[in-house]
Structure formats: C-alpha cells, structure tokens
Amino acid sequence: MPARAVRGMSAPPEVVFNTATDPDRASAWLPEPLRGDGSPAAEINGEELRARWGDGGDDWSAEIRVEPADSGGARIQLDLADGSAGAGPDQLADEALTNLAREVADNLQAG
C-alpha cells in the first residue's frame, strides 16, 4: 500500500507542478530509485496537474496531484510506493515533499 503525504505550499499550483515535473529538478526531490536519467515523468496530465513516475518495474512509483488552495497557494498530495518494503515509506514521502518545497522556493527566487 502506498504511503501518502499531503502538504500546502504558498506558491501557485502551476509553479509547484511545473517544478515537480521539471526533469532537471526531479532528481532533487524524488526518492533515488525514481530519479531516472533526467527524462520526464512517465505520465503527465497538465490539465489535472497530476504526474506519475515509475522505476520501470512494479517496485517503486510516485504520483503527485497539485490542487489550488486558499490565498493562491497549492495543496500537494504525493502517493509513494516503496518497492523495498522497508520501514519508513511515510517518512520518505514526507521528505520528498519537503525537498519539493525547497525546489519550489529556489525556483521562485530564481525567476
């Protein structure tokens, strides 16, 4: 069963989604088995602000959904399947969203 983490961010949903799906930034926030070779997510639905990554097998996967929140911010939900069956998938999902928040902040400061 996938771990789920939910977080709010003060950035606009489109900025969060574009940062999350940018292949150059994905390696900074996705868990290592999903980072790939800099190629884009396996599935991207820009209209729904939803994307999915996989490791090419059935072991690791991540799906992110970004929705509008109050005051122009965003609500991010990450479902993460940890193929290692090890302890801590919930912690890994939380860490991934913390890293994504850092990337979003860096993206906003750079732009």
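The values are calculated or read from the model by the stated rules, or taken from the named source; none is laboratory data. These numbers were taken from a predicted model, which means no experiment stands behind them. Cβ atoms come from the backbone with ideal geometry, glycine included; neighbour counts cover every protein chain shown. When the accessible area is computed, the model is the full protein with side chains, heavy atoms only, and any ligands, DNA or RNA have been set aside. Shrake-Rupley method; radii C 1.70, N 1.55, O 1.52, S 1.80 Å.
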Quiz prompt | Where a residue in segment 89-111 is under 12 Å from Leu78 (Cα atoms) and its partner, wherever it lies, is of a type in the set (Asp, Glu) and in a loop (DSSP other than H, G, I, E, B), with Cβ under 9 Å and at least six apart | solution = Pro89/Asp82; Leu92/Asp82; Ala93/Asp82
Quiz item: Do we have Arg75 as open to solvent by 80 Å² or more (accessible area, probe 1.4 Å) and at pLDDT 95 or above here?
Solution: yes
Self-check item: Those residues of segment 1-46 which are under 13 Å from Arg65 (Cβ atoms), without any contact (Cβ under 8 Å) to a residue 40 or more places away in the chain, open to solvent by 70 Å² or more (accessible area, probe 1.4 Å) and not aliphatic (A, V, I, L, M), in sequence order
Solution: Glu43
Exercise. Out of the residues in segment 47-72 that are of a type outside the set (A, V, I, L, M, F, W, C) and either under 14 Å from the mean Cα position of the chain (by Cα) or buried (at least 18 other Cβ atoms within 10 Å of the Cβ) (or both), state the one that is modelled with the lowest pLDDT.
Key: Asp55
